[in-house]
Every structure is written in C-alpha cells, then in structure tokens.
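Quick notes on the structure that follows.
The values are calculated or read from the model by the stated rules, or taken from the named source; none is laboratory data. Remember, it's a predicted structure, so these values are computed and weren't measured experimentally. Ideal geometry is used to build each Cβ from the backbone, glycine not excepted, and the neighbour counts take in all protein chains shown.
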Amino acid sequence: MVEIHVPQLGEGLREVRVVELLRRTGDSIRRGDAIYIIETDKTTLELESPHDGRIMSWRVAPGDVVPIGAAVAVIGDDRSERRIEAKPDDGSRLIPPRTRAYAKSKGLSDDTLKKIPSATEKLLPADIDAYLVAPTFATTSAGYREYKISGGHRTLVYRLRRSAALVVPGTVSIELRWSSLTLPPISAAADVRATPFQVLCHAVAMAARVHPRFRSVIISDDTIREYDQVNLGIALARPKDELLTAVIRGADRLTLRDFVRACSRQMRSALRDGDQVRDDTQILMSHIGEYGIVDAVPTLVAPASAVIFLSAPKLDSDLVRICMTFDHRVMNGASAGSLLQEVRRTLTA
C-alpha cells in the first residue's frame, strides 16, 4: 500500500483546501484518473492518482485545509488487506471512516477522537456532536481557554488569507429608502413573504444581469471569466460565531416569488450540509441589521468579485445604506457605482 500526498504545485504555496473527493473508498482507479479536487490561492484543480490500485482509505474530507505534502489517501491492490468499514483507534473501539471524515470537518484531530466518549463500542457522528456542545470542548489552563477552530471556520480563514493576498479592494456606498425594500405579500394567499433583505438581493441579481462585470470572476492575472447567470451568495451565521454561505444559482432568472423560495431551500441546505460557495459565486450579500448596525465596510472573500452589505435604517429615518466592496482587478469604481444606481432604479421603479 502507498500513500498519495498533495504535490507541490507552485513556489511559495503552503497549503490547499480540499473541495471534493471524486472517488469512494473501495473504488478501483488507474494511474492518471482524477480522484480529488483542491482549491489553491489562485485556482481549482483536479488532481490525479500517480498509481493503479484501489482506494483503501481517505485521510482527508471535503473542506479540510491541509499543507503541501500532506497524505490524502491510501492506495493498495486487490491483494492488500482491506479493512474499509472501520478500524480501532486503541484496540478497543471502532471509528468508521465516515466518523473520521465528520470529525475532520469539525476541526478535530485523531488524538482528540481518542478522548471523545461514546455510548457504544463504535464512535459515531452523534457522539462528536455531543462532545462539541459539552463544556469539555474548551481546555482551561493558566487563566485562558484553547479550543480547535471548526472545519467551517478554518475554510473561512483560508479564504480570507487567500483574498488578502490577491484581492485589490475598493468600496462604494449609496443610500436608499427602507420603504423601497418593504413589499406586501407576494401572493394573495400570503404563502410567500419577501424580507427587505431578500428584496434587495433579488434587485442586485436583476441589476447584475445587465452589468456583466458583476457576473464575472478573475481566474488568473490576465483572465476574467464572465458567466451567463448570476450566482448570488447569502451570508449565514451559525452558533459559535461560525459563518457560512448559501448560494442561489441563476438568481437573475428567478421571479421574486421563486427567489424567496430558493433562499429558504438553499439556507436550510447550507445549515445542514455546509458552505455552498464555488468558483462561480460572483456576488456575496450580508445583513446584520437586527443588531442596529447602520454602517460597515464588508470584507470581500474570493472567489467572489463583490460583496454588498445592507444596513439597518438610521435612527428616526427611512434611509438605509448599501455598501459594496469590489475587486478592482475585475471592475472599477464607475462600474460599481453604476450597478448600485441600477439597484436603486430597480427598487424605485
């Protein structure tokens, strides 16, 4: 059996993010077959197997951020012993591969797994969930506490660091009336009701349809990719200050009614299954108005080319602020200002 490691892909590259595993444990593969996808600070790549054989186990899970040279999989041949279902961590308890993958997605190490109690002789994802919400997750020592960053937060940190190294940010803002975001129920039966934030998100998607720079992402220093549809991400907050994004694909092709339904569907999916950002996500939307925040400069996280923040109404006023941070490598201030003007025209038409 041999281990497959993340190859060195460029000078100065220290780590990558695992996006997707293309093969399952037990699958037969040939040399040259694409078996997993990674995200670097510049692009997304399919990586191939350097050997023939069978995947005995994965050492990583989607969402993991791993250093160059890290082991990602073990490959053997049909004569190799294949204990694929499970293996003991200390000779007395089994930890199935799916449990190990789930633990990695939560930022837990193999050493930590050995300390997690279980109700049976097999450690299950439910045992990990119980451990994470227990007070023992944080370690108290010398007047401070230390705890592992969750898998979702590690992904965000990775993308923020990537963005800081690549993005050249610019910021513009505009004011409009809160009343322009407040609509009656979409149907007579009131079965679908759009929030002010959803009304803004849909207006942004409609405006981006006629502003191609906002349907674009930069994929290299000299190439911009323009998509035929708007894929719009909505920031969601989870417990323990974790942030993830639900993505509505083809948002510009949906009526407001269908957009609201897509928002609900994608938000539930993101909270259940994890972050939905992909390389084709062009615009991010953020709103923390329930905290009374009336101004902010949103942080742009690649691969998106723009992020838009909606404020709360100003005190004793109907005015709200829309602030946008954009990637100067993709567009300039005039384009950004033009989009915001289009959004305002869409909302006041």
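Data for the structure
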item	result
Subset of region 231-262 [farther than 19 Å from residue 287 by Cα and either of a type outside the set (Gly, Ala, Ser) or without any contact (Cβ under 8 Å) to a residue 12 or more places away in the chain (or both)]	249, 252, 253, 254, 255, 257, 258
Region 330-349, subset part of a loop (DSSP other than H, G, I, E, B) and in contact with a helix residue (DSSP H, G or I) (Cβ under 8 Å, 6 or more places away or on another chain), residue nearest to residue 277 (Cα to Cα)	330
Inter-residue pairs, beta-carbon under 7 Å, first more than 16 Å from residue 60 (Cβ to Cβ) and in region 105-116, second at pLDDT 75 or above, 6+ apart	116/123; 116/127; 116/128
Some residue of region 334-344 being within 27 Å of residue 221 (Cβ to Cβ) and β-branched (Val, Ile, Thr)	no
Qualifying positions in region 208-223 - within 15 Å of residue 305 (Cα to Cα) and in contact with a helix residue (DSSP H, G or I) (Cβ under 8 Å, 6 or more places away or on another chain)	208, 209, 211, 213, 214, 215
Residue ID - modelled with the highest pLDDT, chosen from residues in region 34-45 that are within 14 Å of residue 8 (Cα to Cα) and part of a strand (DSSP E or B)	38
Tally of residues being surrounded by fewer than 15 Cβ atoms within 10 Å (Cβ to Cβ) and under 21 Å from residue 156 (Cβ atoms) across region 257-277	5
Subset tally (residues that are farther than 16 Å from residue 244 by Cβ, out of contact with any helix residue (DSSP H, G or I) (no Cβ under 7 Å at 6 or more places or on another chain) and at pLDDT 90 or above) for region 269-292	1
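Let's see how each residue does on (1) within 21 Å of residue 40 (Cα to Cα); (2) touching a strand residue (DSSP E or B) at 6+ places or on another chain (Cβ under 7 Å):
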{"position": "199", "(1), (2)": "no, no"}
{"position": "213", "(1), (2)": "no, no"}
{"position": "218", "(1), (2)": "yes, yes"}
{"position": "222", "(1), (2)": "yes, no"}
{"position": "229", "(1), (2)": "no, no"}
{"position": "237", "(1), (2)": "no, yes"}
